[in-house]
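The values are calculated or read from the model by the stated rules, or taken from the named source; none is laboratory data. If you're wondering where the values come from, they're calculated on a predicted model, not measured in any experiment. Cβ: placed from backbone, ideal geometry, glycine included. Neighbour counts: every protein chain shown. Just so you know, the surface numbers come from the protein's heavy atoms only, side chains and all, with ligands and any DNA or RNA stripped out. Shrake-Rupley method; radii C 1.70, N 1.55, O 1.52, S 1.80 Å.
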Amino acid sequence: MMKNRLLWKLLLTNIVPVIVVIIGIIWLAIDKLAAVYFMHLMDNYAISPHEIHSMFLSSIHHYLLWASLVALIVAALLSYLLTRRVLRPLSQMSRITVNFAAGDFSSRVRVSTADEVGELGHSFNRMADSLEQLDQLRKNMVADVAHELRTPLTNLCGYLEAINDQVLPPSAETMAMLHQESLQLMQLVDDLQQLARADAARAMLRRTRVLPAEELGEMLKLYQHKFRDKDIRVVSCLSSTTPLLIDRDKLLQAMRNLFENCWKYTPAGGEIRLEVVDREDQVRVSFTNSGPGIPREDLPFIFERFFRTDRSRSRDGGFGLGLAISKRLIEAQGGRVGADSDGQQTTVWFSLPVD
C-alpha cells in the first residue's frame, strides 16, 4: 500500500517545511501588496490609514508567527519520529555486521515495516541465515574431514614408527597395508575436490543437448564386468527419448556415483533396476538395488556429506560423499533428488526438467 511506501513517509516529512515556506511568502505578500491595497481603500473613504494599517499588520504577523512556529515544531517532531523509525533497522544492521565480522551469525534484524527498508531487513535476515548455515557447514566439514583423516593417518604413523623402531619388520604385507592406507587418503582428497567442484557447479555449467537414457546405457556397459563379478542381475527400462539441455559431464559424474553405490551395496546374487522415464515436464532417472534397506529415520540424511547409514561400516564402503556430490550436481541444473527404501530394496532417483 502507498502509506507503507518509504517515498510517502519521506514526502510527509517535507510537506510541513514547504507549508512554512508558503507562509513566509504569504507574509511578504501581505506586507508588500495587501498593505498597498488597504491604504488605497483608506484614501477612497477619507480614513486615516496609518493606525489601522499598523493594527492590521500586527494582527496578521501575530497569527503568521504562531502558525509558523507550530508548523516548525510539528515538522521537526514528525521528521524525528519517522526518520528514527526508518533508520532503526539500518542501525540494527550496522551493529549486527560488527557481530558478523567477529564470527557471530546468530543476530537478526527486527523488521516492523513493510516498506523498502523492511524488505531490506528481510533480505538481510535471509543473508544472515545463509551465512550461519554456511558457517555451520564449514565447521561440520572441518570436523568430518579431521575425523576421516584421523584413522588412516594414525595407522600410517603407528606402523611407520614401529618400522623405524625396528619393532615391526618392513614386510611386503606391511608395505601393502601402508599403501592401502595412503590410497584411502588420496581417495578422500579426491572426493573432497569433487565435492568442492559440485558446490560451485551452478556457476560452471556447459549445457548441451543430451539424451539421459542413452548416456546411462553407455555407462552401464562400463559397469557390466563389475556386476558380473558379483553375480548381480541388471534390469533396465530406458524408455525416455526426451533430450535435455544440461551439462553432460556433470550428469555422467552423478550417474557414476550412483552406479558405484549400487555396485558396493548390492549383495552378491542381487538385482539392480535402472529406469529412465518421461514424467510430464521432467525426465526421471532411478537406481534400485536389492539388499538391506535404509532405516526410515536415516533417509532424510543420506545426501549429507560424510553420512553413513551404518556407522560401524568399514571405510572400504567410501567416505559418504558420493550421494552428496550427486545431489549438488543435479540441483545445480535445476533438478531434484530423492530416495525411498523398505526392508528389501533401496531406490535413489533424480529428475531433471525439460526445457
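Some observations on this one:
- Scanning region 93-129 for residues that are open to solvent by less than 60 Å² (accessible area, probe 1.4 Å) and within 23 Å of Lys139 (Cβ to Cβ) yields Ile96, Asn99, Phe100, Gly103, Phe105, Ser107, Phe124, Asn125, Ala128.
- Selection count, region 237-276, where residues are in contact with a Gly (Cβ under 8 Å, 6 or more places away or on another chain) and among the acidic types (Asp, Glu): 1
- Pair list, Cβ under 9 Å, 6 or more apart: region 101-115 residue farther than 15 Å from Asn125 by Cα and touching a residue at least 40 places away in the same chain (Cβ under 8 Å), other residue open to solvent by 80 Å² or more (accessible area, probe 1.4 Å) and of a type outside the set (Val, Ile, Thr): Asp115/Arg5; Asp115/Leu7; Asp115/Trp8
- Where strands (runs of 3 or more DSSP E) sit wholly within region 207-251, those with at least 2 residues that are in contact (Cβ under 8 Å) with a residue 60 or more places away in the chain, open to solvent by less than 70 Å² (accessible area, probe 1.4 Å) and farther than 16 Å from Phe287 by Cβ occupy 244-247.
- Filter result (surrounded by 10 or more Cβ atoms within 10 Å (Cβ to Cβ) and either touching a Ser or Thr at 6+ places or on another chain (Cβ under 8 Å) or not in a helix (DSSP H, G or I) (or both)) within region 153-168: Leu156, Tyr159, Ile163, Leu168
- Of the residues making up region 264-286, one or more are assigned to a loop (DSSP other than H, G, I, E, B) and either aromatic (Phe, Trp, Tyr) or at pLDDT below 90 (or both).
- Residue match in region 123-135 (condition: in contact (Cβ under 8 Å) with a residue 12 or more places away in the chain and either part of a loop (DSSP other than H, G, I, E, B) or over 30 Å from Leu90 (Cβ atoms) (or both)): no
- Close pairs (9 angstrom Cβ cut-off, 6 or more residues apart or separate chains): within 24 Å of Ala146 (Cα to Cα) in region 170-187, surrounded by fewer than 12 Cβ atoms within 10 Å (Cβ to Cβ) anywhere: Gln184/Asp316
- Residue match in region 98-106 (condition: of a type in the set (S, T, N, Q), in contact with a Phe, Trp or Tyr (Cβ under 9 Å, 6 or more places away or on another chain) and assigned to a helix (DSSP H, G or I)): yes
- Region 50-85, residues that are in contact with a Leu (Cβ under 8 Å, 6 or more places away or on another chain) and modelled with pLDDT under 70: none
- Flag for Arg202 being part of a helix (DSSP H, G or I) and modelled with pLDDT of 90 or more: no
- Restricting attention to region 301-340, the residues being open to solvent by 30 Å² or more (accessible area, probe 1.4 Å), small (Gly, Ala, Ser) and at pLDDT 80 or above number 1.
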